[in-house]
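For reference, the structure discussed in these notes is given below.
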Amino acid sequence: MTWGLEGGTVTFGAKTAVDDVTLQVTPGSVTVVVGGDGAGKSTLLRALVGLVRLSGGRAQRPGKQAIGYIPATAGLYVDLTVEENLAFVARAYGVSGSDCRTRSEELLERIGLTETRSRLGGQLSGGMQRKLAVAMALLHRPELLVLDEPTTGVDPVSRAELWRLLSGAAAEGTGVVVATTYVDEANRGSTVLLMDQGKTIAAGSPSDIIGAVPGTMGVVRGSDRPPGQSWRWGTSWRVWAPADDLPDGAEPVAPTFADAVMVAALASQQVV
Amino acid sequence: MRAMVIKEFRQLLRDKRTLGLLVGLPVILLVVFGYAANFNVSKIPTVVVGPEAAESAAQLHAPFDVTEVDPVGNRATVESRLQDGKAAVGIVTGQNPVTALMDGTQLFAVQAAKGAFARMAQADVATGGKIPVIAPEVLYNPDLKTSWIMIPGLTGLILLFIGTLITSLGIVRERQAGTIEQLAVMPFRPWDVIFGKILPYLLLASLDLIAIVLLGMGLFGVPFVGSVVTFGIGALLFLLVTLGMGVLISTVSQNQGQAIQLAIMFVVPQILLSGLIFPVGAMAAGVRWIAYVLPLTYFVDISRGVMLKAEPIAGLWVPLVVLLGMAGAVLGLAVLRFRRDLAPSARHRGEDDFEPVAAAA
């Protein structure tokens, strides 16, 4: 069973927050939704889990019993201990006592919080809180796991651990959807959806998206900004020539995923 | 400093609700409370019984408001009227002296009646002594102790405070933390969440109630002569109204500050308008109706009736039914409003262009 949205549109009054977006989530895979702040990622995920009403299109989602969802803001109760947080979701999803205990142990071990089980949620670091939230969302072995920016503001080590956790969930057959503002995280998904201003600007596997970059990419070393569409990349400039007319001094290079994201954003702005 | 003042004004003007409260509320409260704040009872519902009932009734003038004249009635008739709260004073004729039974739970009515009787006796002496001597007898609260009538009502006020404020804060906290979104996605029905949220507070408030009543009895010697069951039913209905009000307040508040403001707006008028301090009957007609829409008014009736007068459940059916209706209305509205937070797509399923697929069907 594939979950997702087909031509999903969400409007708030006169504002269209999500505009005709199709998102497919296959069991056992990770789909990454990438976009800047206000791109419509959160609304898209909220529509997927049924928190906002679609004004157009279709949603395919499992019953609530089989969904795990973490909003961008929270994920846990700060005035409950790690163990109590897990026990709450276990009861909510009807996970039985012994199953809850073994599953909690397993997840706590995986996120490295076994020693902090009796600490309050509010006393954990940001990264630990996020890991606990993911563990809570995974406790009942959901078929669809939806996470809104789980790695924002989390240190690189915890980020890597979180991604390992999500990949593990996908390996067990869960369909995982993750929204992120970090372009480098898009590579973690088997499918990527790039969003800007509520619209899809590119979709497919990371290699598909790279392969679909039109024109030529080039690199210019030096401090002067080359003419045309260019942006800083470390000590050099990346140049994108839609009509293959690279400026003088630019050396053609194969586009990276980050290039593809920039090009997709630039291309969508040109259409508008 | 100028920068601070300008910033503060900008923020203040942005929060229209707080601004409205700051400017409008004091005016409304002053007007309402000014008209409500009146200890002088100008109308005392009175029954007159016994063989000379008609003659005696004819001699009674304001503040007495004779509501019933029963020549075959006796002391028991009067006691039943006082117990049911249908009258504050009952005159039993056909004996010497004539007895005036008074409901000690209606402190200010009794004081007004005593004064009126004294004036009548004085006037009678001046005109030659045609009126029989009246012997006053205060029932239920013979020493007219203020604490006896305040404590049963105060229990309600404390329940009101806990019920409304703490519940609304509890739910707003979930909203502010964002956990309410997670609850909405979990396999809960809206009423699972609402009643799951309310039940612990209901239990806590019930324990509180028992403690307050026992403390009132122990420290102030307040009697509890009526049925514990009747009192319990009244308290439960009243608590459901206050807790439901808490949920309702939380559904229209974005943060804890707004919830506190609204809860105060709901609680403060009840302190002054429920009959807890000022008798409802003495309020100006323009504000008296407010008393009748406040749940505490009915709980004060029940708690005083049961604790001090052993009023049976049959005599309290009006406040009990009103509280039941209020509880149903408030909780129903709370569930409806709360559903918008918890199941927005289910609410509009008819309009929604999808059908959620059951898991692993």
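The values are calculated or read from the model by the stated rules, or taken from the named source; none is laboratory data. This structure is a prediction, so every number in the text was calculated from the model and none was measured. Note: ideal-geometry Cβ built from the backbone for every residue, glycine included; neighbour counts use all protein chains shown. Ligands, DNA and RNA are stripped out before the accessible areas are found, and what is left, the full protein with its side chains, is counted by its heavy atoms. Shrake-Rupley method; radii C 1.70, N 1.55, O 1.52, S 1.80 Å.
Quick notes
- In the set A:Asp99, A:Asp37, only one residue is modelled with pLDDT under 95, among the acidic types (Asp, Glu) and within 23 Å of the chain's Cα centre (by Cα); that residue is A:Asp37.
- If you go through the stretch A:180-237 and keep only what is among the acidic types (Asp, Glu) and part of a helix (DSSP H, G or I), you end up with A:Asp184, A:Glu185, A:Asp208.
- Per-region count, the stretch A:59-99, residues in contact with a helix residue (DSSP H, G or I) (Cβ under 6 Å, 6 or more places away or on another chain), open to solvent by 20 Å² or more (accessible area, probe 1.4 Å) and not aliphatic (A, V, I, L, M): 1
- Residues that are within 15 Å of the chain's Cα centre (by Cα) and open to solvent by 30 Å² or more (accessible area, probe 1.4 Å), drawn from the stretch A:168-184: A:Thr181, A:Tyr182, A:Val183, A:Asp184
- Residues within the stretch B:139-179 that are buried (at least 22 other Cβ atoms within 10 Å of the Cβ) and of a type in the set (A, V, I, L, M), tallied: 6
- Scanning the stretch A:26-46 for residues that are in contact with a strand residue (DSSP E or B) (Cβ under 7 Å, 6 or more places away or on another chain), within 13 Å of chain B (Cβ to nearest Cβ) and outside any loop (DSSP other than H, G, I, E, B) gives A:Ser42, A:Thr43, A:Leu45.
- Of the candidates A:Gly127, A:Gly122, the single residue that is open to solvent by 10 Å² or more (accessible area, probe 1.4 Å), touching an Asp or Glu at 6+ places or on another chain (Cβ under 9 Å) and in a helix (DSSP H, G or I) is A:Gly122.
- Criterion (small (Gly, Ala, Ser), within 14 Å of another protein chain (Cβ to nearest Cβ) and touching a Lys or Arg at 6+ places or on another chain (Cβ under 7 Å)) met by exactly one of B:Gly170, B:Gly178: B:Gly170
- Within the stretch B:223-252, being crowded, with 23+ Cβ neighbours inside 10 Å and over 17 Å from B:Ile151 (Cβ atoms) holds for B:Leu237, B:Leu239, B:Val241, B:Thr242, B:Leu243, B:Gly244, B:Met245, B:Gly246, B:Val247, B:Leu248, B:Ile249, B:Ser250.
- Residue selected from the stretch A:47-70 under the condition assigned to a helix (DSSP H, G or I) and in contact (Cβ under 8 Å) with a residue 60 or more places away in the chain, by the criterion farthest from the other protein chains (Cβ to nearest Cβ): A:Leu48
- Selection of the stretch A:248-262 for residues being outside any helix (DSSP H, G or I) and either open to solvent by less than 20 Å² (accessible area, probe 1.4 Å) or in contact with a strand residue (DSSP E or B) (Cβ under 9 Å, 6 or more places away or on another chain) (or both) yields A:Gly249, A:Ala250, A:Glu251, A:Pro252, A:Val253, A:Ala254, A:Pro255, A:Thr256.
- Hits in the stretch B:64-74 (condition: surrounded by 20 or more Cβ atoms within 10 Å (Cβ to Cβ) and either in a loop (DSSP other than H, G, I, E, B) or of a type in the set (D, E, K, R) (or both)): B:Gly73
- Complete set of residues in the stretch B:4-28 that are surrounded by fewer than 11 Cβ atoms within 10 Å (Cβ to Cβ), closer than 21 Å to B:Leu273 by Cα and aliphatic (A, V, I, L, M): B:Val27
- When each of A:Leu139, A:Leu145, A:Leu165, A:Leu193 is tested for being open to solvent by less than 50 Å² (accessible area, probe 1.4 Å), touching a Cys at 6+ places or on another chain (Cβ under 9 Å) and at pLDDT 90 or above, the lone residue that passes is A:Leu139.
- Test: residue in the stretch B:75-91 that is in contact with an Asp or Glu (Cβ under 7 Å, 6 or more places away or on another chain), closer than 30 Å to B:Gln270 by Cα and open to solvent by 80 Å² or more (accessible area, probe 1.4 Å): no
- Scanning the stretch A:77-101 for residues that are within 16 Å of A:Leu138 (Cβ to Cβ), more than 8 Å from chain B (Cβ to nearest Cβ) and in contact with a Phe, Trp or Tyr (Cβ under 9 Å, 6 or more places away or on another chain) yields a total of 2.
- Residues that are open to solvent by less than 20 Å² (accessible area, probe 1.4 Å) and in a helix (DSSP H, G or I) were ranked within the stretch B:253-278; the one that is farthest from B:Ile302 (Cα to Cα) is B:Ala259.
- Test: residue in the stretch B:108-122 that is within 23 Å of B:Asp301 (Cα to Cα), open to solvent by less than 70 Å² (accessible area, probe 1.4 Å) and not small (Gly, Ala, Ser): yes
- In the stretch A:161-185, the residues that are out of contact with any helix residue (DSSP H, G or I) (no Cβ under 6 Å at 6 or more places or on another chain) and of a type in the set (Gly, Ala, Ser): A:Ser167, A:Gly168, A:Ala170, A:Ala171, A:Gly173, A:Gly175
- The condition of being touching a strand residue (DSSP E or B) at 6+ places or on another chain (Cβ under 7 Å), in a helix (DSSP H, G or I) and not hydrophobic (A, V, I, L, M, F, W, C) does not hold for B:Gln176.
Residues checked against (1) in the same structural domain as B:Val300 (by TED's automatic domain parsing); (2) assigned to a helix (DSSP H, G or I); (3) at pLDDT 90 or above:
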| site | (1), (2), (3) |
| --- | --- |
| B:Phe39 | no, no, no |
| B:Ala62 | no, no, no |
| B:Lys86 | no, no, no |
| B:Ala116 | no, yes, no |
| B:Ala123 | no, yes, no |
| B:Ala126 | no, yes, no |
| B:Ile158 | yes, yes, no |
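- The residue list B:Pro136, B:Pro200, B:Pro187 contains one member that is part of a loop (DSSP other than H, G, I, E, B) and surrounded by fewer than 18 Cβ atoms within 10 Å (Cβ to Cβ), which is B:Pro187.
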